Ligand code: NI
């Protein structure tokens with residue numbers, strides 16, 4: 001039996017169609033090319049009110065000045081979340097000294113099970129550049145709606161375990177909070193590294 005992840009049901013095709021709908025002229029400086037999906041200007045700038053994994057209230061302002069990789073998932077996820085988190089951790093590590101300019105934000109769509117200690121242990125296990133974010137359902141809904149992220153809860157089994165279907169895209173924001181790129185674990189690490197280096201250099 002396989003888990004009915006949204007990503008499998010409406011997977012890359014959705015991202016691809018979204019990418020095709022973009023104006024082809026939406027590139028940065030002349031000569032710049034992007035290997036991830038360029039969604040500059042297509043979605044709103046980064047904005048949220050959540051709680052970090054230390055229990056402190058945070059907003060997008062707290063991460064201003066960094067390239068933000070925004071991802072939605074849950075710590076009990078058996079495959080997509082660990083795969084994507086590991087990929088992002090590897091990519092950030094490959095950036096070397098530039099890694100300090102990048103912040104991975106893992107937003108829980110399962111706040112009931114993802115307590116602060118669980119969230120903190122989970123994100124830190126992948127990368128020192130990752131932080132877990134959670135909040136009230138209303139706060140999480142506001143952010144997922146903002147970026148058209150879908151998630152839904154599966155039926156609990158006899159032990160009370162359940163899966164959470166969720167979109168698996170990573171939204172990448174510039175230092176100023178503007179949306180720039182959309183990525184997923186289908187993009188090779190080299191594409192991430194290339195584009196992140198370009199973003200880091202671009203916005204200095
Ligand atoms: Ni997941």
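Data for the structure
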{"quantity": "Estimated FRET transfer efficiency (residue 157, residue 49; beta-carbon r; R0 25 Å; 0.05)", "calculated": "0.15"}
{"quantity": "Rounded FRET efficiency, nearest 0.05, which uses the C-beta distance separating residue 176 from residue 148 and R0 of 25 Å", "calculated": "0.70"}
{"quantity": "Rounded to 5, the percent of DSSP beta bridges in the stretch 49-204 classed as antiparallel", "calculated": "60"}
{"quantity": "Efficiency of FRET between residue 83 and residue 136 - r from beta-carbon atoms, R0 30 angstrom, step 0.05", "calculated": "0.60"}
{"quantity": "Cα centroid of the stretch 125-176 to Cα centroid of the stretch 38-90, whole Å", "calculated": "9"}
{"quantity": "Gyration tensor (alpha-carbon) shape descriptor, the stretch 55-122, a/c threshold 1.5", "calculated": "oblate"}
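We did not get these values from a lab; they are worked out from the coordinates using the rules stated. Keep in mind that what you see is a predicted model, and the values were worked out from it rather than measured. FYI the Cβ positions are ideal-geometry reconstructions off the backbone, even for glycines, and counts take in every protein chain you see.
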